[in-house]
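The values are calculated or read from the model by the stated rules, or taken from the named source; none is laboratory data. These numbers were taken from a predicted model, which means no experiment stands behind them. Every residue, glycine as well, gets a Cβ built from its backbone with ideal geometry; the counts of neighbours run over all protein chains shown. With ligands, DNA and RNA removed, areas are computed over all heavy atoms of the protein, side chains included. Shrake-Rupley method; radii C 1.70, N 1.55, O 1.52, S 1.80 Å.
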Amino acid sequence: MMVAALGMAQLSRCVRLLTARRAVAPSSVSAAEYHRALMLDAGNVSRVQSRAHSVTQHRPPGKLVRDGEEKKPVICVEGNIASGKTTCLEYFSKTSNIEVLTEPVSKWRNIRGHNPLGLMYQDPERWGITLQTYVQLTMLDRHLSSVVNSAPVRMMERSIFSAKYIFVENLFRSGKMPEVDYAVLSEWFDWITANISIPVDLIVYLQTSPQTCHERLKQRCREEEKVIPLEYLESLHQLHEDWLIKQTLASLPAPVLVIPADHDLQKMLHQYEKNREKILATSSV
Ligand SMILES: Nc1ncnc2c1ncn2[C@@H]1O[C@H](COP(=O)(O)OP(=O)(O)O)[C@@H](O)[C@H]1O
Ligand SMILES: Cc1cn([C@H]2C[C@H](O)[C@@H](COP(=O)(O)O)O2)c(=O)[nH]c1=O
């Protein structure tokens, strides 16, 4: 469908589709078109913050590469807890032909009958390393996962980079992760990123206020997260800003497109439409 012409009625329908989680017939966009458009677009996307990593760097020499890796562009959607990442991914998956990889939260809540996510929130000093080791493994697995369909673009929820730069960093800086745990996780992370090719072509940052996330988090009511205070979201927010806006925290694996995301759902869908070209770099979706 030509989404550029999407009207209010269609947007409302998309809101209903998101709620109902029904499938919509995919449309087509080629990977070659995506690459070309993304390269051409680089100069005139005003809110793309930097271009630290080019789409041509899919196979850096000397790194391990997953068998049969395709040069399918990878977009990572980043943002605070409950900022609307899943909702964003669902919207694009229902209105365009993309492969969507959501965060493996269900694994973090249940590994062989244990719940490392819940344990971490109960006692971060003891269980932070346990959760973050598993997050790092499962996120790496997501990055390296085989292409599951013929969609020319892959959209992922978060990345191995935000797990490290935001969550591990926050645990350590807040004094809730012992230095030795942080050192072990950092060594693992450095080894992985030095030796394994983890291509990311664009980061979409859903920029919210911590207050908005706190409201949405309470509304979502995930059992483990009931203990999260506003201050925790404020710390995570600051790290996101340092990493993706100020670019003082750590290197960026890809350019950043910032989407203000405090708005209600209807307005967010407008925002996604406004940014569709920049995100998917095609007009044929
Ligand atoms: N723009 C929005 N306005 C109000 N509520 C929203 C909006 N986007 C998402 N939500 C709701 O907020 C909660 C968190 O959204 P979700 O997409 O799961 O966030 P994330 O994946 O970033 O944690 C969910 O209950 C979702 O329905
Ligand atoms: C990546 C990552 C996540 N978490 C926690 C934070 C949240 O409670 C969930 C993810 O939920 P979201 O709604 O998708 O934001 O997992 C964590 O503690 N450590 C991490 O590295």
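Below is a table of values for the structure above.
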| item | result |
| --- | --- |
| Apportionment of accessible area to carbon and sulfur, the stretch 74-283, percent (1.4 Å) | 53 percent |
| The stretch 78-201: C-alpha pair distances exceeding 22 Å, % | 39 percent |
| Å² per residue, accessible surface of the stretch 74-283 at 1.4 Å | 40 Å² |
| Evaluated at q = 0.13 Å⁻¹: base-10 log I(q)/I(0), Debye formula over Cα of the stretch 74-283 | -0.73 |
| Fully extended contour minus Cα-Cα distance, from K63 to D190, at 0.36 nm per residue | 44.4 nm |
| Residue pairs, from the table K71/K164; K72/K274; K72/K246; K164/K226; K71/K218; K71/K176, whose Cα atoms sit over 31 Å apart | K71/K218; K71/K176 |
| Peptide ranges 239-252, 148-161 listed from the most packed, as the mean C-beta count within 10 angstrom indicates | 148-161, 239-252 |
